[in-house]
1. If you scan the stretch 318-352, which residues turn out to be part of a loop (DSSP other than H, G, I, E, B), among the polar types (S, T, N, Q) and more than 17 Å from the chain's Cα centre (by Cα)?
2. Cβ-Cβ distance below 7 Å, separation of 6 or more or different chains: which pairs start in the stretch 191-210 with a residue that is within 17 Å of SER320 (Cα to Cα) and at pLDDT below 95 and end on one that is surrounded by fewer than 18 Cβ atoms within 10 Å (Cβ to Cβ) and of a type in the set (Phe, Trp, Tyr)?
3. Please go through (1) surrounded by fewer than 24 Cβ atoms within 10 Å (Cβ to Cβ); (2) at pLDDT 95 or above for ALA629 and return the number of the only condition it doesn't satisfy.
4. Just checking, does the stretch 487-504 include any residue being free of Cβ contacts under 8 Å to residues at least 40 places away in the same chain, farther than 24 Å from VAL590 by Cβ and small (Gly, Ala, Ser)?
5. Given (1) modelled with pLDDT of 50 or more; (2) closer than 26 Å to TYR136 by Cα; (3) open to solvent by less than 40 Å² (accessible area, probe 1.4 Å), identify the lone condition not met by PHE113.
6. Do any residues in the stretch 153-175 that are closer than 16 Å to ASN56 by Cα and among the charged types (D, E, K, R) have Cβ atoms under 9 Å from those of residues that are modelled with pLDDT of 90 or more and in a helix (DSSP H, G or I), where the two are at least six apart or on different chains, and which pairs are they?
7. Within the stretch 315-329, how many residues are in contact with a Leu (Cβ under 9 Å, 6 or more places away or on another chain) and either crowded, with 23+ Cβ neighbours inside 10 Å or at pLDDT below 95 (or both)?
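The values are calculated or read from the model by the stated rules, or taken from the named source; none is laboratory data. Every value quoted in this text rests on a predicted model; they were computed, and no experiment measured them. All Cβ positions, glycine included, derive from the backbone under ideal geometry; neighbour counts span all protein chains shown. Note: areas computed on protein heavy atoms with side chains; ligands, DNA, RNA excluded. Shrake-Rupley method; radii C 1.70, N 1.55, O 1.52, S 1.80 Å.
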Amino acid sequence: MKRKNFTYITLIVSFFWLITSSIGCSSSNLKNTSELEKLTIKWRLIKNPKSETETNKSAFTFINNGAETIKTGNWALYFNQSFLKPMQSGELTQGKIEHLNGDLYRYVPDSSFTLRQGDSLIFEYEAAGILFNEKYAPQGAYIVYDDSKIIAKDLNIASITDYSDIFSDSAFVATIPTASNQYLINQNIPDLPTDHIGKIIPSPYSIKSGKGSVILEKTSTIYYSNSLKNEASYLVTLMDKYLGVKLKMKEGVGTDANSISLKTAPLIVNEISNEAYSLAVHESKGINITGNDAAGVFYGIQSLSALIPAKYEEKITIESVEILDAPRFSFRSFLLDVSRNFSKKEDVLRLIDLLAMYKINKLNLHLSEDEGWRLEINGLPELTQIGSKRGHTIDSKNWLTPSYGSGPHPDTENNYGKGYYTREEFKEIIKYADQRHIQVIPEISMPGHARAAIKAMEARYDYYMAKGEKEKAKEFRLIDPNDKSVYLSAQMYKDNIVCVALPSVYHFYDTIVKDIVAMYQEAGLKLTTFNTGGDEVPNGAWAKSPLCMELMKTLPEIKDARQLQGYFLEKALAIFEKYDLEVAGWEEIVLNKDSQNNIQVNPKFKDKKVLPLVWDNTGKNIDLGYRIANAGYKVVLCNATNLYFDLSYNSDPTEPGLVWAGYQDAIDPYVMTPYDVFKSINFDKYSRLTEKDEIFGRKSQKIDANLVRNHLKIDAQKNIVGMQAQLWSETIKGSKMLEYYLAPKLFAFAEKSWSIAPAWESESNIAKRVKAIWAGWADISNQIGQREFPRLDFLFGGYNYRIAPPGAVIEDGLLKANLAFPGLTVRYTEDGSEPGINSKEYTKPIKVNGLIKVRAFNKFGRASKTFTVK
């Protein structure tokens with residue numbers, strides 16, 4: 001039931017005795033704990049609403065497979081469930097579900113709970129919103145009994161198969177991929193001959209084919225000018241993968257017909273000099289790469305690599321070509337969140353190699369969050385001792401609470417909630433990136449998203465207070481202990497905001513920044529940009545903090561506690577200025593909120609070294625990046641609807657990923673129009689090109705068509721300095737999932753951030769624009785399937801890019817199939833069995849009988865999901 005004026009969403013629960021019961025059990029009611037281990041727990045989604053403002057219905061089923069009755073006692077079932085709204089149970093029998101913090105919940109039985117041998121209990125509950133796919137199910141379940149004893153439980157999650165029964169919205173069900181609707185989409189992507197498609201992603205500014213070719217072999221030499229030894233060494237390693245031999249390096253100028261020469265010289269391409277390069281392959285002159293700077297030479301090497309077939313050969317033939325190239329945007333960044341779930345150093349290095357291949361020049365490492373602190377800091381060991389682990393805890397004195405299914409035990413092998421980079425590992429990462437012309441931007445989130453730091457510093461406070469060292473205890477404390485503010489963050493935390501009135505907060509931040517600056521210096525590098533995060537401070541934060549209230553009395557210009565965020569940035573800027581740092585942060589760092597939660601651009605920091613990263617282009621904020629750029633700020637566009645790679649590829653309920661900003665297929669970054677976002681709103685939340693505007697909000701709420709549209713002013717175009725793609729890690733558990741989200745989406749991002757704007761970006765006619773977009777995408781998708789997927793497999797020894805299932809229909813008894821990425825192979829069966837690497841290959845329409853199933857394969861036999869053709 002719902003309660004008016006109640007902060008939390010109500011949970012409605014009912015119980016059905018069938019053969020039915022609950023979850024764990026106290027030892028006081030059992031002869032031994034094996035009864036708990038024999039308890040089976042199932043979960044299923046019963047029904048979704050049409051609207052995200054309505055409630056879904058789910059159910060736990062608890063089955064007693066033991067020999068004794070399970071009764072109530074000192075036990076509870078804990079679990080994580082993302083995007084489940086906070087819940088209150090009201091007056092119920094048999095128990096209740098409680099929201100603890102973040103995505104952690106628990107089921108607590110009451111005194112009437114009884115579950116006999118062989119019985120089971122179905123526990124139904126309702127919560128707000130739509131559970132779009134199986135990743136929204138509970139995970140990481142465990143039972144705690146007798147206050148501290150733990151039994152981890154594997155939940156049996158029912159697959160979502162009968163879509164029409166689960167999803168109330170028939171329009172949504174119609175978008176769920178099938179063989180037939182994918183066939184219709186793929187008809188926009190014809191299989192193009194190799195010589196009719198682009199040669200390089202991202203597309204060069206100018207490319208002209210010539211006559212003749214150059215042959216590279218083991219006797220070839222790499223010549224380089226003295227400032228390019230790093231680039232020459234990189235090229236030697238790269239060519240070793242193709243030729244199986246390390247080519248000789250020689251400083252100087254080469255004239256050999258089979259040599260590669262690297263040099264720098266003044267160069268301007270399309271009025272751009274930084275990172276510009278030329279690549280000339282001439283039969284009599286060999287291969288010459290000239291860059292305006294070392295980065296330009298490096299990108300010329302990447303383009304050369306793209307021209308080489310993805311296979312080992314003793315002799316490589318490269319056709320004559322002349323390329324002139326320079327980037328559209330100087331800031332081409334990728335964010336990797338290693339805080340919510342951790343990525344090992346080796347996975348980050350592998351990512352850096354991928355980014356370098358596609359001319360991405362910045363890596364924003366999201367190193368701190370509510371759920372994890374991932375970097376060793378001198379003098380503050382608690383940050384990694386406490387903040388880099390997650391496990392069952394009530395007070396977070398030893399580690400953080402479980403999240404995203406990390407489970408009760410902090411040190412288990414598959415707990416992706418644990419881990420951090422030592423100082424030496426971090427220095428290795430930033431040096432490795434620098435050698436590939438990628439600047440690593442560290443991100444330490446403040447004042448919000450700071451729970452890991454807060455809990456670590458509270459553990460430090462308690463430790464020194466117990467020793468009687470009060471001043472040392474208070475030195476880095478981050479909270480006002482008397483703060484009674486009530487709030488709920490975007491990720492459902494109640495205690496993740498630092499107290500901006502405490503001097504110790506700024507001492508803490510200064511200590512962190514100073515030590516990270518020192519790590520760069522120790523690595524022989526200079527840190528120039530630091531990301532402070534700075535977003536999603538929830539309403540209610542600081543409102544009942546005595547320290548903040550006293551502070552506001554001294555700041556008459558601040559009328560509302562929400563505006564203290566600007567005060568924090570102003571104080572933090574003094575720290576960054578001391579180290580000569582540009583401060584990047586999410587858009588909220590340059591916004592003010594009033595008591596009605598309306599936002600205005602804060603002009604106060606316009607002339608400071610402040611760089612807003614604007615992610616929120618949903619709903620009324622579709623033009624927010626332009627409002628900030630028009631006000632005079634340099635801006636990086638991070639549009640959630642196009643550049644959040646952790647969003648699900650499509651509406652298939654078995655497809656992993658989040659959905660809050662729509663679906664995001666490989667084409668989405670390509671469709672983005674940086675200088676006129678309104679030209680990409682005919683691309684709907686289901687990743688479908690339409691011929692009408694489809695502005696949608698975070699909850700798919702249609703926005704008033706009369707909404708004022710703030711276009712980017714002509715003289716403010718220079719303020720759009722770049723783009724950043726984001727990969728948040730709530731659903732990432734290991735390198736395979738990381739790679740699955742990355743490719744093929746990264747190809748379109750590289751194309752959009754480096755290459756010149758395609759003509760369709762300025763086309764005002766929607767129908768003509770859609771046609772041109774499909775033509776451009778057909779070229780890119782053919783490049784991906786025919787060349788880029790094989791390159792990843794070859795250069796990385798296999799890569800877990802997502803293979804999209806084929807489209808297929810049966811017309812007049814003929815099977816017709818097509819691909820989202822021509823170059824892959826379609827295989828099929830006629831007996832209803834799963835297609836395998838030895839199944840029949842589809843090459844053209846063919847007569848078939850029986851139950852037809854189709855699948856796409858790469859040349860190594862890795863395959864897509866299977867579709868049944870109806």
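1. SER330
2. none
3. (1)
4. Yes, because at least one residue in the stretch 487-504 is free of Cβ contacts under 8 Å to residues at least 40 places away in the same chain, farther than 24 Å from VAL590 by Cβ and small (Gly, Ala, Ser).
5. Tallying (1) modelled with pLDDT of 50 or more; (2) closer than 26 Å to TYR136 by Cα; (3) open to solvent by less than 40 Å² (accessible area, probe 1.4 Å), PHE113 fails exactly one: (2).
6. Note: no pairs meet the criteria.
7. Matching residues across the stretch 315-329 total 2.
Residue by residue, here is whether (1) within 21 Å of LEU335 (Cβ to Cβ); (2) surrounded by fewer than 17 Cβ atoms within 10 Å (Cβ to Cβ); (3) in contact with a Pro (Cβ under 9 Å, 6 or more places away or on another chain) holds:
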site	(1), (2), (3)
ARG709	no, yes, no
VAL721	yes, yes, no
GLN726	yes, no, no
THR731	yes, no, yes
LYS736	yes, yes, no
PHE747	yes, no, yes
ILE766	no, yes, no
